[in-house]
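S.K.: Would you mind keeping the following structure in view while I ask a few things?
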Amino acid sequence: MSAGSIPSGDQIKDPGYPTASENYLTNSKGALSWLFTLDHKRIGVMYLIGVMTAFFAAGLLALLIRLHLFRPDGAVFTGPEANNWYNQVFTLHGAIMVFLFIIPSIPAALGNFLVPVMLGAKDVAFPRLNLSSFYLWVFGAIFFVGALMASGLDTGWTFYTPYSTTTDTSVILATSGAFILGFSSIFTGLNFIVTINTMRPPGMTWFRMPLFLWATYATSIIQVLATPVLGITLLLLIAERVMHIGIFDPEFNGDPVTFQHFFWFYSHPAVYIMILPAFGVISDLISVHSHKRIFGYRFIAYSSIAIALLGFLVWGHHMFTAGMGPMTTIIFSALTFTVSVPSAIKVFNWLATMYKGSISLTTPMCFAIAFIFLFTIGGLTGLHLGTLATDMHLHDTYFVVAHFHYVMVGGTLVSFLGALFHWWPKMFGKMYSETGGRLAAVIIFLGFNLTFLPQFVLGSRGMPRRYATYDPEFQTLHQISTIGTLLLGVGLLVALFVLLRSLVKGERAPANPWGGATLEWQCTSPPPFYNFERPPAVGDPYDFSDIFWDTENERYVTVEPDRKIAPAEQPEPAHAEGTH
Amino acid sequence: MSTIEAAAENAHDAHGHDHDHPSFLAHHFDTPEQQFDSGKLGIWLFLVTEILFFSGMFCAYAIFRMLRPDVFEGCSQFLNTKLGAINTGVLLFSSLTMAWAVRCSQVKQDRGLVAMLAATLSCAMIFLGVKAIEYSHKWEMGLLPAGLYFYDPANPHPESHTNYLFYICLPFMILLGGVVAWLVVSLATRNKFHVQCAMPLTVAAACFFVGIGLGMVLESGGSEHAADEYQAHATTELEQTAAIQLVSSGESEVLESLATESNTGIQSELSARQRQLENAGTAIVQEGDEIAGAIVSVEENVMTQRKAGVFFSIYYCMTGVHAIHILVGIGFLVWLLVRAVRQDFNPQYFGPVDYVGLYWHLVDLIWIYLFPLLYLIR
Ligand code: HEM
Ligand SMILES: [Cu+2]
């Protein structure tokens, strides 16, 4: 394993560094070569920039919300329109975070970069469709900004009827935006399913796929199966507003709760669109940075699929108080409990992977450990909400707010950051400051808990969500939460600074800085635009036995024992490989 | 973009890669089979999303049919079964021609392929023509989605109305004019390729008006009577509507005066109250003086805005989204037709025809469900 020195006499395999004409970042120049690129890696980078911008914007809105709640009567927005302002700010915060950031964050930004490389393919199956997904994302974002500019949006990210059919704010613009984003998400998912099914090189069997690919696959299934239902729901909502079709409108014999059913039929699976890729990331991070084979590979792989399928059966747990029949609520509650089983399986497997591993506390690993803490809290509090008796009390309180922030921020965002730090050297060919990265991880962990732990208490004491003002008895907890937000913000800025600084000052990254065994570490950092010259030799993605630390050059290398030596690399004559 | 591809090729050269990729094989695929399989899986997944997309509306249909079977029965009388049946036949036939087109592309019968694609396109246009007649007729009668509904049984054909049919036909007239002009110009310049493209497209565009004609003939002798008969049987209880009135208690008057334009909260509160009262219907005896004599009727009139409206909302949503799919399909078929004239397809590369074919069959299949659900079940 990694610790010892390189056995002498063996063949060292290391791809070296890319030349400028190979490097996918530099092989063609000019803005147009980016805007019209069909290279999945460049599309991934453009997504990355896009989602981070969205995150920044929505983050500022979050800061406004929290600052406003610093005082019981509201500290930021004043005047007669104060509450309206507050409503708009929390709505846009939620909608942008969910539709523009979290859903595309790992699958579209990192997934686009990683899926083909990890798979050993040259590109995704439909590169043009891939680029159009990105532009659909951009259009969706424009619609959201349009809604913001026009008359805002104050329905909450859930667009519940009947309020959304009666409010004067720009529901149509925002829902059109979400509709378009839905198609972006569908096309990404479709592309990944096809890529994983048909583009695997020889030797890449299903069970040799890195777990990130399993998770992406499961996510894609949800994206393809759930998002169309959101599409039609939003279309019907738009039709309701434009033509008063009456389906959701009691005035015409319609039923507003139908909207909730439709909405959550998508949006509960959508929370797994957010978390499953994070599971995949964490599986890879934990294994690589513990330098130990992942524990229970098949369990983790299958549990992703199980979550994807079970996730379709539990949407009713968002509507326990909306007046469903008692039998229905009981069934939904029971199903909700089953869905937490596969999640727990994963957590135990990660812990077992770390057990007796040789853990390097690198930045990505710090984020991965933070993830395990935070996701566990988030998942367990989900059980309180899935229990009928307690949910009656907790529904629509800050407890729910805390629950979903623990899973979405503590889970998805933290693993997104972990993934970013893990694959950053691969994406941009630069090493960042480890101290800075760890510092960011610690500040984010502390800031996050300071922000959201008090909200569990607030919620269980009865503080309702989505209120601009509150009873003075809640003030202390709210203030702690606001201070936590500031700390969290500082942590995020540190992380951003560390990453951006690495682009300027960072050292050149070796092909395999962490000792990973998956295929992306076998091509140069950054990868050449064609990924692999020839289909790579596919091994076990979690077998670290022939990966060694090369102290001299500060990198990990794959060492092949003498007997396994393939014909040495020689410049091949052109047309030598005419095997097609 | 060209720069990227050029660069890609250079680099591949440098790495000793081969160039036996046929022109139709994208660079990231190894074999035509892999490319075809990818496309096939992709289109199947896309069809799954389409089915789920429609499933939302099928659910809405099921829910409201369950809640108000009488409304659905009463309203479906207004849909003209003959027109629906004609359209079903047209679409079924187009599925046949589409399947045939796929076959032609597989065995490289280029002229057959063009002919079959043109036939499919023509069927699609006939379908739209007939649909245009159906829609415009209903709009004139006021059989519209709930919010816009103004059908009045006493006067089902109000005199002053916009000529909807004209507005629907207008874009198709422009289209027809356009392709005819294209045909004339390309005939004049003797551009063979353009003639070969424009000719079938002209036929297809003209078929829209064949559909219009067909629809007009059938509509005039259509099942309108059925609806009229139904009307005659249904007891005309306008009194029923009278029974549904707001209680004129003091509080609701205050609320009403508060419910100004901007005050949506109170407006919706008011409408909610009204709804409750309406739901309570005639069963509750209310105090207050403005209540007309409560008439409890066994057979109610379903042709009111509140009831029939939702049926027509669902009708328009489902058939409208379906028609949009037909339009998209037409776009794809035109693209295929041009490529077929260019002789792009061969036994190794006929994927696009196959994929569009699958899409087209799905659109047909959805209609096969819509037709009985909306027109036939009574
Ligand atoms: C471990 C299993 C989980 C269980 C049992 C669970 C359960 C629940 C329940 C019952 C609610 C509804 C609470 C209420 O409104 O009264 C809820 C809300 C929510 N959950 Fe979870 N959850 C789980 C995991 C997740 C994950 C992984 C995510 C996202 C990454 C997530 C995101 C959300 C969101 C966004 C809401 C609130 C939606 C809203 O009303 O705006 N949950 N959860
Ligand atoms: Cu849920």
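The values are calculated or read from the model by the stated rules, or taken from the named source; none is laboratory data. Worth saying up front: this structure is predicted, and the values here are computed from it rather than measured. Neighbour counts are summed over all protein chains in view; Cβ atoms, including those assigned to glycine, are modelled from backbone coordinates with ideal geometry.
S.K.: For segment A:383-417: of the residues being within 14 Å of ligand 2 (Cβ to nearest atom) and of a type in the set (Gly, Ala, Ser), which is surrounded by the fewest Cβ atoms within 10 Å (Cβ to Cβ)?
M.R.: In this case the residue turns out to be A:GLY386.
S.K.: Hey, can you tell me all the residues within segment A:245-289 that are within 9 Å of chain B (Cβ to nearest Cβ) and assigned to a helix (DSSP H, G or I)?
M.R.: If the condition is that a residue be within 9 Å of chain B (Cβ to nearest Cβ) and assigned to a helix (DSSP H, G or I), then A:PRO250, A:GLU251, A:PHE252, A:THR258, A:HIS261, A:PHE262, A:PHE265 are the ones that fit.
S.K.: Considering only residues that are within 12 Å of ligand 1 (Cβ to nearest atom) and in a helix (DSSP H, G or I), look in segment A:306-320 and name the one that is surrounded by the fewest Cβ atoms within 10 Å (Cβ to Cβ). First the steps, then the outcome.
M.R.: Step one: filter segment A:306-320 for residues within 12 Å of ligand 1 (Cβ to nearest atom), giving A:307, A:310-311, A:314-320.
Next, only the ones that are in a helix (DSSP H, G or I) stay: A:307, A:310-311, A:315-318.
On the way: A:ILE307: 25, A:LEU310: 19, A:GLY311: 25, A:TRP315: 23, A:GLY316: 21, A:HIS317: 22, A:HIS318: 22.
My answer is A:LEU310.
S.K.: Consider A:ALA322 against the criteria (1) within 16 Å of ligand 2 (Cβ to nearest atom); (2) at pLDDT 95 or above: it satisfies all of them except one. Which criterion is unmet?
M.R.: (2)
S.K.: Another question about this same structure. Looking at segment A:227-244, can you tell me whether even one residue there is more than 7 Å from chain B (Cβ to nearest Cβ) and under 17 Å from the mean Cα position of the chain (by Cα)?
M.R.: yes
S.K.: For A:THR175, indicate whether it is in a helix (DSSP H, G or I) and modelled with pLDDT of 95 or more.
M.R.: no
S.K.: Determine whether A:LEU380 is touching a residue at least 60 places away in the same chain (Cβ under 8 Å), surrounded by fewer than 21 Cβ atoms within 10 Å (Cβ to Cβ) and more than 14 Å from ligand 2 (Cβ to nearest atom).
M.R.: Criteria not met by A:LEU380.
S.K.: Can you pull out the residues in segment A:225-278 that are of a type in the set (Ser, Thr, Tyr) and either crowded, with 24+ Cβ neighbours inside 10 Å or within 14 Å of ligand 1 (Cβ to nearest atom) (or both)?
M.R.: Hits for segment A:225-278 are A:THR227, A:THR233, A:TYR266, A:SER267, A:TYR272.
Every residue, every condition in (1) touching a Lys or Arg at 6+ places or on another chain (Cβ under 9 Å); (2) away from chain A (no Cβ under 14 Å); (3) surrounded by fewer than 21 Cβ atoms within 10 Å (Cβ to Cβ), yes or no:
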| site | (1), (2), (3) |
| --- | --- |
| B:PHE29 | yes, no, no |
| B:VAL48 | no, no, yes |
| B:LEU67 | no, no, yes |
| B:ASP70 | yes, no, yes |
| B:VAL90 | no, yes, no |
| B:LYS108 | no, yes, yes |
| B:GLY112 | yes, yes, yes |
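S.K.: Then there is this: Take segment A:524-538 and flag every residue that is modelled with pLDDT of 85 or more and in a loop (DSSP other than H, G, I, E, B). Break it down stepwise before answering.
M.R.: Filtering segment A:524-538 down to residues modelled with pLDDT of 85 or more leaves A:524-532, A:538.
Those that are modelled with pLDDT of 85 or more and in a loop (DSSP other than H, G, I, E, B): A:THR524, A:SER525, A:PRO526, A:PRO527, A:PHE529, A:TYR530, A:ASN531, A:PHE532, A:VAL538.
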